[in-house]
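Structure in structure tokens, see below.
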Amino acid sequence: MRRDDDLDPGKLKQPNKGGRSSTFTPEMVLKHLPKKKSTTADWQKKVCDETGMSRSQFYTLKKQIDDKVEQDKKGNWKLKKPASPESPETPY
């Protein structure tokens, strides 16, 4: 075996990193949140029916938007209200 100094190791085939890119995004899940009261199951069914997303993919993406939605005592989901900016302190 002989070493060939003209070859570039950077041109060697690299391993596949991460597989196929995702077709679905957390924003898609958020976009399909119904305006009226909706349980997790209703929301998940709506998203999956309209986008073709799998049930497990829905729950994976839902975890990523948990800071943008909230669930009431009856189990219905809604968008969180934006936090009101704190009033500036007035100097005395």
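Coordinate-derived values only; no laboratory data. Bear in mind the structure is a predicted one, so any value in this text is a computation, not a measurement. Glycine gets a Cβ as well: all are built from the backbone with ideal geometry, and neighbour counts include every protein chain shown.
Would you please give the residues with an amide H less than 5 Å from that of Ser38, counting only those at least 5 places away or on a separate chain, with H modeled from the backbone geometry?
Under 5 Å from the amide H of Ser38: Trp77.
Still on this structure, I have one more. Given Cα pairs under 8 Å that are at least 6 residues apart, what percent is the relative contact order of the chain? It would help to have the intermediate numbers written out before the result.
Details: 56 pairs, mean separation 24.3, N = 92.
Taking the mean separation of contacting Cα pairs over the length of the chain, I get 26 percent.
Which one, Leu7, Pro34, Ser22, is farthest towards the positive end of the dipole of the chain when Lys and Arg carry +1 and Asp and Glu -1 on their Cβ?
So the residue furthest toward the plus end is Pro34.
Moving to a separate point now. With n ≥ 4 as the cut-off for DSSP H runs, can you work out [θ] at 222 nm for the chain, using -39500 (n - 2.57) per run divided by the number of residues, rounded to the nearest 500? Write down the numbers at each step before the final one.
Numbers: 3 runs with 28 residues, N = 92.
Result for the chain, helices only: -8500 deg cm²/dmol.
State the dimensionless ratio Rg/Rh of the chain (Rg: radius of gyration of Cα atoms; Rh: Kirkwood radius). Provide the component values of the computation, followed by the final result.
Working: Rg = 23.6 Å, Rh = 17.3 Å.
That ratio equals 1.36.
Which whole-number percent is the relative contact order of segment 24-77 (Cα, under 8 Å, 6+ apart)? Working shown, then result.
On the way: 41 pairs, mean separation 25.5, N = 54.
RCO, segment 24-77: 47 percent.
Note the angle between two axes, namely the Cα long axis of helix 40-51 and the longest principal axis of the Cα atoms of the chain, as a number of degrees from 0 to 90, rounded to the nearest 10.
That works out to roughly 50 degrees.
How far is helix 55-64 tilted off the main Cα axis of the chain, in degrees rounded to 10, range 0 to 90?
That helix lies at roughly 80 degrees to the long axis.
On to the next question. If you take every residue apart from Lys80 with its C-beta less than 11 Å away from the C-beta of Lys80, what net charge results, scoring Lys and Arg +1 and Asp and Glu -1? Could the numbers behind the result be given before it?
Working: positive: Lys68, Lys78, Lys81; negative: Asp66, Asp67, Glu70.
Value of the local net charge: 0.
Another question, if that's okay. Determine the sum of side-chain charges near Gly52: Lys and Arg each +1, Asp and Glu each -1, restricted to other residues whose C-beta is under 13 angstrom from that of Gly52. Write down the numbers at each step before the final one.
Working: positive: Lys45, Lys46, Arg55; negative: Asp49, Glu50.
Cβ neighbours under 13 Å give a net charge of +1.
Would you give the gap between the C-alpha center of segment 1-49 and the C-alpha center of segment 61-81, rounded to a whole Å?
23 Å
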